[in-house]
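Derivation of every value follows stated rules applied to the coordinates shown; laboratory data play no part. Please read all numbers here as calculations on a predicted model, not as lab measurements. With ideal geometry, Cβ positions are generated from the backbone for all residues, glycine too; neighbour counts draw on all protein chains shown.
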Amino acid sequence: MLIVRRLATALPSVVGVIIVTFLLTRALPGDPAVYFAGPAATQQAIAQIRHLMGFDRSLPVQFLDYLRHLAHGDLGTSLTTGQPVLRELATRLPASAELTLSALLLSVGIAVPLGIAAALRPGSLIDHACRIITTAGVSLPTFFTGLLLIYVFYYLAGWAPAPLGRLDVYSTPPPHWSGFYLVDSLVAGDFDTFRAALGQLLLPAATMAIFSLAPLARITRASMLAALGSEFIRTARASGLARRRIVYGYALRNGLLPVITTLGMVFSFMLGANVLVEKVFAWPGIGSYAVEALIASDYAPVQGFVLVMALLHVALNLVIDLLYGLIDPRVRLEA
Amino acid sequence: MTIAAFAGIRRFDGTLRHIAYVLAENPVTGFAFAMFSVFVLLAVFGPSLAPYDPLASDTAQALTGPSAAHWFGTDQLGRDIFSRVVVATRLDLGIAVIAVALAFTAGTLLGLAAGYCGGWADRIIGRAVDTIMAFPLFVLAMGIVAALGNSVANIVYATAIINLPIYARLARAEANVRRSAGFIEAARLCGNGETRIVLTQLLPNILPLMMVQVSLTLGYAILNAAGLSFIGLGVRPPTAEWGIMVAEGASNIISGEWWVALFPGLVLMAAVFCFNLMGDGLRDIVDPLRRT
Amino acid sequence: MSQPAPGDDCRHPLLRVEDLRVDFHTRSGTVRALDGIGFELQRGEIMALVGESGSGKSVTAYAIMGILDAAARITSGRIQFGGRDLLTVGEKAMRSIRGRELAIIFQNPRTALNPIRPVGRQIADILLQHGGVTAAQAPRRAVDMLAKVRIPDPERRAAAYPFELSGGMCQRVMIAMALACEPALLIADEPSTGLDITTQAVIMDLVVELVASHNMATLLITHDLALAAEYCSRIAVMHAGHLVELAPTPLLFTMPRHPYTAKLIAAMPGEAGRLDMLAAIPGALPDLRRPDLPACRYAERCERAAADCREAPLLRLTSADGRQIACRHPL
């Protein structure tokens with residue numbers, strides 16, 4: 001029941017996203033056909049493109065065409081590679097997904113325990129460290145952090161491999177199963193490739209994680225403090241419940257609710273930060289795909305990228321809403 | 001002195017004392033205000049303060065590390081990095097300030113209209129804001145700049161658009177709460193028109209919270225603009241801008257010439273950090289209940 | 001109203017609080033919240049702690065339970081319960097005592113319950129914590145407790161969340177939680193204040209009935225003198241961290257000895273003939289952070305105050321029958 005309701009509220013967002021991406025394609029100054037035909041096109045080619053892409057028709061009709069193309073999975077063709085945009089996005093998506101998910105796991109894995117520890121020991125060293133990380137973390141420009149990490153861990157310390165993408169020059173990709181090199185190499189039992197892929201993944205994932213660490217730790221600490229100070233915790237203490245149960249069973253479950261909401265904001269950031277991190281680390285994901293296309297004035301991939309990212313974002317927020325509803329019965333049961 | 005003037009001064013004195021209390025409690029906030037003044041000075045007087053011409057290249061001096069002559073070293077074209085960083089302050093701060101000003105004005109007005117009038121105005125504005133927020137904001141900025149064209153003006157518009165929803169939502173929430181408040185009713189009864197009420201009664205009441213948000217958004221806007229120029233949008237070489245300087249220095253980092261990217265990056269960080277701290281400090285002054 | 005049970009030895013009360021002093025360290029100074037509180041409670045007795053907001057009633061209760069805020073410091077005193085001094089037994093022992101031998105019910109029942117946990121499970125948690133029940137038996141016992149506090153349809157209600165229940169039902173759940181392990185002493189901190197009038201009476205009646213059936217001692221904390229009069233055999237009056245008078249209920253009302261008590265009784269709404277004749281007590285509680293507090297903290301509000309009330313140390317008199325009075329010039 002909740003799922004249906006939440007889907008219904010997500011629908012207007014999807015509609016809005018599609019309309020906006022459509023408008024973005026038509027907002028190009030000058031003749032859009034020129035942009036899509038490319039700088040080397042002849043007048044005839046331009047006229048052909050104009051007719052082919054329907055730029056000579058009225059706006060509402062163009063929109064219907066656009067919808068029809070979308071329904072068929074046609075996001076246009078890349079000028080630079082000549083391939084259909086959707087296929088290229090699909091091929092490169094696993095790289096970005098692996099990076100983003102690793103960063104998320106790393107971020108949550110550090111931020112939440114840190115926030116809980118800071119809340120449990122107010123005024124201690126951990127608390128102050130948490131506060132500093134929180135304030136400083138949000139100020140770090142992601143691309144700069146990435147470069148700093150490369151300088152320190154690759155150039156100075158020599159621990160990290162060269163930031164040349166998902167694998168080093170000696171390894172070959174494992175047989176395709178999920179597209180995630182970490183998973184695929186384990187499935188194939190190839191530990192050398194696993195280690196190589198992990199090595200390449202560490203720095204970029206850390207870069208993305210550092211920025212989202214800050215809001216997550218801050219919210220965790222604040223909401224744990226609020227939960228621990230609330231009246232039902234006083235009742236639990238007065239009932240003689242064990243400390244472990246009070247902190248983790250009672251306080252934490254309540255305290256995690258705002259953290260889940262913050263995850264939505266973190267996702268929004270990460271989907272954007274993808275672009276920057278992939279550029280710095282030469283990661284072959286959809287972010288770097290879009291940036292390369294952008295520099296080359298190849299617009300179809302950029303629009304495809306924006307559309308896909310937005311739809312992903314809506315879907316992820318939906319999942320977060322559902323997760324929230326799972327933990328908080330007030331959301332589930334209230335009419 | 002008239003009673004009213006006296007009351008006014010008492011209130012101001014009270015506010016000043018409160019601010020002094022917060023600054024004393026939180027020396028970090030005072031530090032942030034000091035940093036902010038430094039940045040403003042750099043933005044205003046930058047070009048006159050720079051020891052070298054930021055665009056003057058001197059290939060003989062290319063890629064020299066920090067020294068007495070060049071405090072931040074030189075880049076691959078022999079340009080003095082310190083001068084470039086100082087001059088870039090005006091551009092980066094300028095982009096951020098204009099973008100946030102636009103976002104704040106448009107967002108607040110739209111939000112007030114939505115929250116105060118309700119009805120279909122609320123629904124349309126709400127939908128528009130929700131649609132913007134449905135995009136990952138940096139991605140939307142990329143798309144807007146790609147669509148409108150690669151220029152600094154469009155960076156400003158894109159940054160303004162993606163920051164609009166925060167103000168719209170904040171204004172709408174506050175307007176909603178106060179819509180039926182007593183002092184609004186009183187103003188209405190005195191015969192004030194609706195627009196007048198919104199501007200003279202509602203606006204001053206929500207301004208403090210907005211100011212907190214402005215400071216935080218400025219930090220975010222600077223990051224955004226720098227990020228966009230890092231990937232090659234908006235600012236073109238040889239213009240000096242923090243993001244593009246980091247991008248230019250990126251390839252040098254791998255070969256060990258760390259100063260080309262580090263100094264612009266550090267100053268960028270400092271600016272964002274300063275605005276975030278100021279925002280936190282302002283929040284403590286305005287609404288101590290929300291301290292974290 | 002229950003009298004101490006026959007055979008109860010007044011020399012071995014269930015609870016004895018002696019010279020309890022509690023300070024709170026805050027940013028704006030040290031609040032001397034309790035300054036030498038002492039009283040005894042017998043098994044099966046219902047006693048009231050009465051006073052204005054801020055008089056220290058809840059602080060006393062929380063000190064006994066050991067759930068004071070982190071900013072609190074118990075600077076002196078003893079709390080004898082079941083042959084032990086609760087202030088020295090240590091946290092581990094206290095955790096075993098809380099909920100099992102000592103229990104408390106709070107004001108605002110809905111916020112005092114975990115909002116995202118079914119109420120039956122919250123009761124079961126307590127049963128499991130203090131042992132004697134297996135994981136399989138706990139849910140059944142929880143439902144039994146709900147039935148005991150007269151919640152209709154207890155099986156279904158056990159799976160409900162607090163937000164699905166009314167205020168009165170939430171308070172019943174709290175009572176069930178407190179009484180689940182059959183404690184010897186129940187502290188009721190303004191248990192009916194957050195409820196409407198009819199529910200107030202029902203809840204109080206329920207508490208009194210359950211307490212009597214288990215021969216539990218009860219400490220009722222309230223600002224409502226009339227409520228205390230109706231349900232308690234003895235009343236202790238608190239003012240600004242001092243226990244100013246303690247007497248059996250009928251004696252307190254017929255022969256109040258402390259000026260504050262007399263004022264409190266006169267201020268009861270039933271005493272006034274008309275609304276505009278409602279008596280008020282002048283002044284307000286003194287700021288307990290002041291370094292220059294008078295020895296008797298009521299001195300600044302009292303019409304009978306003399307110079308020695310402010311300077312000379314507070315005179316506390318306890319008579320053989322347990323009556324207490326803290327006044328140099330009693331009525």
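Being assigned to a helix (DSSP H, G or I) and under 20 Å from A:Tyr299 (Cα atoms) is true for just one of A:Leu101, A:Leu86, A:Leu114. Which residue is that?
None of the other options fit; the residue is A:Leu86.
For the range C:111-137, enumerate the residues that are under 22 Å from C:Gln171 (Cβ atoms), more than 9 Å from chain A (Cβ to nearest Cβ) and either among the hydrophobic types (A, V, I, L, M, F, W, C) or touching a Pro at 6+ places or on another chain (Cβ under 6 Å) (or both).
Across the range C:111-137, the qualifying residues are C:Val119, C:Ile123, C:Ala124, C:Leu127.
Evaluate the following for A:Gly73: is it surrounded by fewer than 18 Cβ atoms within 10 Å (Cβ to Cβ) and farther than 15 Å from A:Ile210 by Cα? It would help to see each step written out before you state the result.
Numbers: surrounded by fewer than 18 Cβ atoms within 10 Å (Cβ to Cβ): yes; farther than 15 Å from A:Ile210 by Cα: yes.
So A:Gly73 passes the test.
Return the pair list, or none, for Cβ contacts closer than 6 Å from residues in the range C:282-295 that are closer than 21 Å to C:Leu264 by Cβ to residues that are among the basic types (Lys, Arg) and in a loop (DSSP other than H, G, I, E, B), at least 6 apart or on different chains.
C:Pro286/C:Arg297
For every residue, the table says whether it meets (1) outside any helix (DSSP H, G or I); (2) more than 8 Å from every other protein chain (Cβ to nearest Cβ); (3) among the charged types (D, E, K, R).
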| position | (1), (2), (3) |
| --- | --- |
| B:Arg236 | yes, yes, yes |
| B:Ala240 | yes, yes, no |
| B:Val246 | no, no, no |
| B:Ala250 | no, no, no |
| B:Ile253 | no, no, no |
| B:Ala261 | no, no, no |
| B:Phe275 | no, yes, no |
| B:Gly281 | no, yes, no |
| B:Asp284 | no, yes, yes |
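For the range B:110-124, does any single residue satisfy the condition of being within 30 Å of B:Gly46 (Cβ to Cβ), crowded, with 18+ Cβ neighbours inside 10 Å and in contact (Cβ under 8 Å) with a residue 12 or more places away in the chain? Full working, then the answer.
We begin by selecting, within the range B:110-124, every residue within 30 Å of B:Gly46 (Cβ to Cβ); these are none.
No - not one qualifying residue is present in the range B:110-124.
Per-residue answers, yes or no, for (1) at the interface with another protein chain (Cβ under 8 Å from one of its Cβ atoms); (2) out of contact with any strand residue (DSSP E or B) (no Cβ under 7 Å at 6 or more places or on another chain); (3) assigned to a helix (DSSP H, G or I):
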site	(1), (2), (3)
A:Arg234	yes, yes, yes
A:Gly240	yes, no, no
A:Met265	no, yes, yes
A:Leu316	no, yes, yes
A:Asp321	no, yes, yes
A:Tyr324	no, yes, yes
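Filter the range A:113-165 down to the residues that are closer than 14 Å to A:Leu202 by Cβ, within 8 Å of another protein chain (Cβ to nearest Cβ) and touching a residue at least 12 places away in the same chain (Cβ under 8 Å) and list them by number.
A:Ile150, A:Tyr154, A:Pro163
Would you please name the residue that is farthest from A:Val277 (Cα to Cα), looking only at residues in the range B:130-183 that are more than 10 Å from every other protein chain (Cβ to nearest Cβ) and of a type in the set (Val, Ile, Thr)?
Only one residue fits best here, namely B:Val177.
Looking only at residues in the range A:233-267 that are within 18 Å of A:Ile110 (Cα to Cα) and of a type in the set (Gly, Ala, Ser), which one is surrounded by the fewest Cβ atoms within 10 Å (Cβ to Cβ)?
By that ranking, first place goes to A:Gly264.
Out of all the residues in the range A:193-232, which are more than 14 Å from chain B (Cβ to nearest Cβ) and outside any helix (DSSP H, G or I)?
Hit for the range A:193-232 is A:Ser230, nothing else.
Exactly one of (1) among the hydroxyl-bearing types (Ser, Thr, Tyr); (2) in contact (Cβ under 8 Å) with a residue 40 or more places away in the chain; (3) within 30 Å of C:Ala299 (Cβ to Cβ) is unmet by C:Thr261. Its number?
The failed condition is (2).
Considering the range A:268-286 alone, what residues qualify as being of a type outside the set (Phe, Trp, Tyr) and more than 9 Å from chain B (Cβ to nearest Cβ)?
Within the range A:268-286, A:Val277, A:Glu278, A:Ala282, A:Pro284, A:Gly285, A:Ile286 meet the criteria.
Kindly provide the set of residues from the range C:139-170 that are in a helix (DSSP H, G or I), of a type in the set (A, V, I, L, M) and more than 14 Å from every other protein chain (Cβ to nearest Cβ), ordered by number.
Once the filter is applied, which keeps residues that are in a helix (DSSP H, G or I), of a type in the set (A, V, I, L, M) and more than 14 Å from every other protein chain (Cβ to nearest Cβ), the range C:139-170 yields C:Val143, C:Leu146, C:Ala147, C:Ala158, C:Met169.
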